[in-house]
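The values are calculated or read from the model by the stated rules, or taken from the named source; none is laboratory data. Here the structure is a predicted model, which means the values were calculated and not measured. Virtual Cβ from ideal backbone geometry, glycine too; neighbours counted across all protein chains shown. For the accessible areas, the whole protein counts, side chains as well, though only heavy atoms, and no ligand, DNA or RNA atoms are used. Shrake-Rupley method; radii C 1.70, N 1.55, O 1.52, S 1.80 Å.
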Amino acid sequence: MLYLKGRTHRLQRVLFWLMLCLLGVSCFEFYVFFIHNFLGSQLRPVTNILQLTAVPLCLMVIYAVTHDRFMQWKIVLANILPYAIALAVYLASNSAVAYYGIIGFGGIHAIGIISYGFVAINHYNKELQDNFSNAGQYSINWLRYMLLLYIGLAVTWTMATFNDSHIMATIYNLMCVVIFALLYYFVYRQENMVEALATSNTEDAARMPTNSPEDNSADSAESNSQPNYLFADRLESVFSKGKIYLNATLTLNDLARELGTNRTYLSNYLNQQLHTTFYEYVNQWRVRRAKELLRANSLPLEDIALQSGFNSMSSFRRYFIAHTGMSPLEYRKART
């Protein structure tokens with residue numbers, strides 16, 4: 001399934017190669033454990049080192065989820081080659097010092113990748129809020145839970161490795177099954193967001209001025225000399241009169257196009273002048289509209305959500321509570 005979908009979707013293609021690598025490791029381990037052990041006393045150390053390849057593969061998945069482009073090959077090689085070299089060194093030396101050094105390196109590398117993952121998630125969610133009014137639908141907060149599961153898997157693997165426990169090994173394998181299944185599920189449905197952000201970047205670049213740097217500087221100076229309230233009035237009008245926020249899939253590019261500006265200028269205006277994000281600004285208008293409808297009539301909450309610009313009851317309820325401190329139903333009861 002990943003192969004078929006990955007023919008046109010970058011994120012699934014990355015996960016396909018990751019799963020293929022892990023499948024190769026699993027098949028090799030099955031062969032040496034249950035069919036023919038040609039490694040002798042090096043069996044467990046070699047298979048443990050092979051399992052450590054999940055560490056750099058984890059980095060590739062994190063990067064693929066949080067970026068709209070492929071990781072550079074030199075970065076890929078820089079993260080994978082140390083494990084290949086370490087395995088070769090151990091096979092040649094059969095040294096316990098080399099083996100435990102490799103295990104220690106893998107642990108440090110894993111800590112660094114997990115730390116990078118949490119930073120990358122925060123950065124990308126911020127970018128989503130700056131570009132999509134329905135950012136909650138595209139959030140990659142699920143990756144936080146995957147990283148926590150990954151930490152648990154690493155701890156379990158360490159215990160299974162140093163205690164040589166069949167029970168811990170069984171728990172480790174079951175955790176792998178659960179983690180890979182969840183990873184497949186979330187990655188399979190995540191691609192729309194990645195593509196949407198990539199498209200948003202392309203559209204914004206297409207609308208950027210093509211004149212010389214000197215002309216751009218002049219335009220910028222002229223633009224900065226104009227009163228901010230002129231742009232503020234246009235922005236207010238688009239929302240209050242045009243009710244553009246009723247578009248449930250409104251993006252920063254859509255709004256920039258309506259205002260006759262580019263995404264970069266609009267984003268900077270919202271962040272620096274209004275001290276908010278695009279996501280927050282649009283949903284404040286939606287909540288304002290929802291309040292009016294809740295006070296004015298007894299429409300079902302699902303209709304209120306749709307007529308306010310929210311694309312689902314869950315996002316409507318979540319943002320309404322965050323904005324007002326009460327649920328839509330509680331707000332209606334309090335105002336009637």
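Against the chain, whose longest principal axis comes from its Cα atoms, helix 73-93 is set at around 20 degrees. Of the labelled figures [x] 49, 26, 16; [y] 31, 24, 22; [z] 49, 21, 15, only one reflects semi-axes √(5λ) of the Cα gyration tensor in Å as derived from the coordinates, namely [x]. Cross-link partners for K241 among the lysines, with Cα-Cα distance under 22 Å and sequence neighbours closer than 8 places in the same chain left out: K291. Relative to the longest principal axis of the Cα atoms of the chain, the long axis of helix 213-225 lies at roughly 50 degrees.
Show me the ranking of peptides 88-99, 59-70 by mean Cβ neighbours inside 10 Å, starting with the highest.
On the way: 88-99: 13.2, 59-70: 19.5.
Top of the packing list down: 59-70, 88-99.
Taking amide H atoms as placed 1.01 Å from N in the peptide plane, the amide H of F132 lies under 5 Å from those of L252, Y279, each 5 or more residues away in sequence or on another chain.
With everything on Cα atoms, drop me the angle between helix 313-324 and the longest principal axis of the chain, reported from 0 to 90° to the nearest 10. Long axis of 313-324 versus the principal axis of the chain: about 70 degrees. Cα centroid distance between the range 119-163 and the range 293-313, in Å? Cα centroid to Cα centroid, the span is 32 Å.
What part of the accessible area of the range 87-141, given as a whole %, is carbon or sulfur when the probe is 1.4 angstrom?
Details: 1760 of 2560 Å².
On the range 87-141, the fraction of accessible area on carbon and sulfur atoms equals 69 percent.
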